[in-house]
Every structure is written in structure tokens, then in C-alpha cells.
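Please treat every number below as a calculation from the coordinates, not as lab data. This is a predicted model, so every value here is computed, not measured. When we count neighbours, we look across all protein chains shown, and the Cβ atoms used for this are built from the backbone with ideal geometry, even at glycine.
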Amino acid sequence: MDKKKIFVIGSCNTDMVIKSDRLPTPGETVIGGTFLMNPGGKGANQAVAAARQGGLVTFVAKTGNDVFGKQSLELYNSEGINTDLILSDPKNPSGVALIMVNSDGENCIAVASGSNANLTPKDIEKFKTQIGNADLILMQLEIPIETVEYVSELALKKKTPVILNPAPARSLPEKLLKGLFLITPNETEAEILSGIKVKDYEKAKEAADVISGKGVANVVITMGSLGAFVKEGNNYSVIPADEVKAIDTTAAGDCFNGTLCVGLSEGKSITESAKLAVKASGLCVQKMGAQSSIPYKKELTSAKSIN
């Protein structure tokens, strides 16, 4: 059977990470951290996660014409990702994220979007034919919302399922929500979309019902150490996470989304795919970095299974 084609449309950044005992308060300098520089960006992380789980991935993005952009392209090629639809922006630098991580694995992040903010509907129009051949489309919100809406409209005409990871958190137009196959908010994003504070599975169910009432039939809420809550049509599932020692949570959500899409591309249900994704995220948070922490398929198959 031919592999289904996953198109990830989104951001790519270079992450500059400092790990220290604690996060500084405003105006404070914390000495004694460890510095790492890694490729990142939600779109790129999710593309890498899908590729490492064996997905057939095309990444649609925009980098600056600079050393960060060139390094990113080399890395995606080495991961087996199709980079034919990555544009080089002559006017804007590549996106950069500054990340601070404390000893508990909690982080705070500041992003300079650069060329990511210049991935426009006009750019996507150049690739209409190629995107029309996608079997699944995965997007996030580190590119302009107009671009996300444009891709969603294209996909709707082709009846191509769109999975939206609504991160970073923001409210979304109902027209966009109605065009989605699946939305994957975390607790904060689910609260913004539903008005319900997601603190446990019961509240997750309430939030999922409100979100699906806006037109999205399928909702997966990621809940960190609690795992995930799935509303697949009219069926509900709780997927608990294994208890692990989190070192760095930076790319856990991206790892989840990329893995979820591969499961769907292999014909698994949303619930089955989410089980794999929870397991992958559990492996991801036990390592430092964004893409460097994303597990490969062989690591997932050898890890203890989640029931």
C-alpha cells in the first residue's frame, strides 16, 4: 500500500536554549546556565517528528537567506523530508526562538518570527497543485492566520483532512474551525477556544464538546503529564501518560502532533494514533532540545506500550 502524503505547513526557527536551575525574574540575571543551539519552530518540529515515525512528509515553509535558513534546509533533507516547497525570503531573516529552561523542565520562550510571518497566501498559491495532492495537512499558528485559512479552504475543496494544532494560543474564526477534520489544543489553548478551564478529564470533556459545537467533529486535548483526552466523533477516550522525569518539555506538543498524523496516515483511528503520540511525547520530554529530543520509530516500538 502506498504511503499517504503528509504536508506540514508552518514555521521553522533556530532555537537558542539556556538551561539553568531556575528561570530569571524580570530584571534579574541568572548565572551558570548551559547553552544549546538547535533547529526548531512548531512546523519544523512536527515535520521532523512525522518523518522520524516513518511518515512521507513534505514541509512547506519560508526561511531567510541566511546561515540559519541554510542549516535548517540541510537538516530537513537529512531527515528524509521533501524540501521542494520551502521558500527563501530575500527580505527577512530566518525565525529565531530564545528559550530558557529550568531544572524542572519548565520553559519560557520568546520568538522573533522573521520569514515565518511572511509565508503568505500568495506563496501557497504557487504550490496549489502540489498541496492538492496531499492526503493529510498539518498546520500550526506560527505563520499568518490568513495563510492557515487559505490552506484550509483549498483542502476543503479537495476534501483533504486538515489537522490544526492551535499553537501559540489565540482565538480562531468559526469559519476556519468548521473546515477542520481535527484540532489538537493543549489545556491553555482549549480554554481560549471553549471558555472552560481544563484542569481534569471532566473539564476536558466539557471543553471538547464546546469546541466541537463550533464545527470541528474531532478534538484531541493534550494535557501534559495527564496524557490526552480524545473526542472522536461522539466517542470519548482518556489516554493516560506514563510517569516520567521531564527534563525539557519544549517540543512535546510538536512531537505529539507529528506522531498523531503518522498514525492517521497509516489508517489508524484518532484514538489509536493519540496513544502512539502520548507515548512519543513521554520519550521526548526526557531529553533536552526541540528536534534533538524527538524520538525515532524504533525507539517508540521498543518503549513500554500504553494500554
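In sequence order, the stretch 202-208 has phi-based couplings of 4, 5, 4, 4, 4, 5, 4 Hz under the Karplus curve 6.51 cos²θ - 1.76 cosθ + 1.60, θ = phi - 60°, and Gly or Pro positions carry x. Cysteines of the chain lacking any other cysteine Cβ under 4.7 Å from their own Cβ: Cys12, Cys108, Cys261.
The HN-Hα couplings worked out from phi for the stretch 215-229 by the Karplus form 6.51 cos²θ - 1.76 cosθ + 1.60 (θ = phi - 60°) are x, 8, 5, 10, 9, 10, 9, 7, 10, x, 5, 7, x, 8, 10 Hz, whole numbers, x standing for Gly and Pro. Only Cα sites of the stretch 125-208 enter the Debye sum here, all with the same form factor; the resulting log10 I(q)/I(0) across q = 0.14, 0.20 1/Å is -0.49, -0.88, listed in q order.
Between Asn133 and Ala217, what FRET efficiency comes out of the Förster formula 1/(1 + (r/R0)^6) with R0 = 22 Å and r the beta carbon distance, rounded to 0.05? With R0 = 22 Å, the Cβ-Cβ based efficiency is 0.35. Once Rh for the stretch 9-132 is found with the Kirkwood sum over Cα pairs, what is the Stokes-Einstein diffusion coefficient at 10 °C and 1.306 mPa s, in µm²/s? Estimated via Stokes-Einstein, D reaches 102 µm²/s.
Binning the C-alpha pair distances of the stretch 102-258 at 5 Å intervals from 0 yields a P(r) profile of 2, 9, 17, 20, 19, 15, 11, 6, 2, 0 %, listed from the shortest bin outward.
If I model the stretch 191-307 as equal point scatterers sitting on the Cα atoms and use the Debye formula, what is log10 I(q)/I(0) at q = 0.11, 0.17 Å⁻¹? Reported log10 I(q)/I(0), two decimals: -0.35, -0.81. Extension gain for the segment Cys108 to Arg22, taken as residue separation times 0.36 nm less the Cα-Cα distance, is 29.9 nm to one decimal. Quick check: residue separation of Thr301 and Lys126 times 0.36 nm, minus the Cα distance between them. What number comes out in nm? In short, 59.1 nm is gained.
Using the count of nearby Cβ atoms within 10 Å as a rough guide to exposure, how do Asp248, Asp2, Asp254, Asp66 rank from fewest to most? Could you put the intermediate results ahead of the total?
On the way: Asp248 25, Asp2 6, Asp254 31, Asp66 17.
Going from least to most buried by this count: Asp2, Asp66, Asp248, Asp254.
Based on alpha-carbon atoms only, what is the radius of gyration of the chain relative to the globular estimate 2.2 N^0.38 Å?
Details: Rg = 18.1 Å, N = 307, 2.2 N^0.38 = 19.4 Å.
The value comes to 0.93.
Approximating the spin labels as points 7 Å out from Cα along Cα→Cβ, the Glu153-to-Lys178 distance works out to 1.4 nm. For the pair the stretch 79-121 / the stretch 1-64, the C-alpha centres are spaced 7 Å from each other.
In the stretch 76-147, what trypsin sites (Lys or Arg not before Pro) fall in a loop by DSSP, with at most 13 other Cβ atoms inside 10 Å?
Details: sites: Lys91, Lys122, Lys126, Lys128; in loops: Lys91.
Here the sparse-neighbourhood loop sites are Lys91.
The HN-Hα couplings worked out from phi for the stretch 84-91 by the Karplus form 6.51 cos²θ - 1.76 cosθ + 1.60 (θ = phi - 60°) are 4, 9, 9, 8, 9, 8, x, 9 Hz, whole numbers, x standing for Gly and Pro. Once backbone amide H atoms are built at 1.01 Å from N, Val198 has Glu191 as its partners under 5 Å, excluding neighbours fewer than 5 places away on the same chain. Under 17 Å from a label point set 7 Å out along the Cα-to-Cβ vector of Glu146, the amide N atoms of the stretch 55-81 belong to 62. Here the stretch 223-254 and the stretch 259-274 have alpha carbon centers that stand 14 Å from each other.
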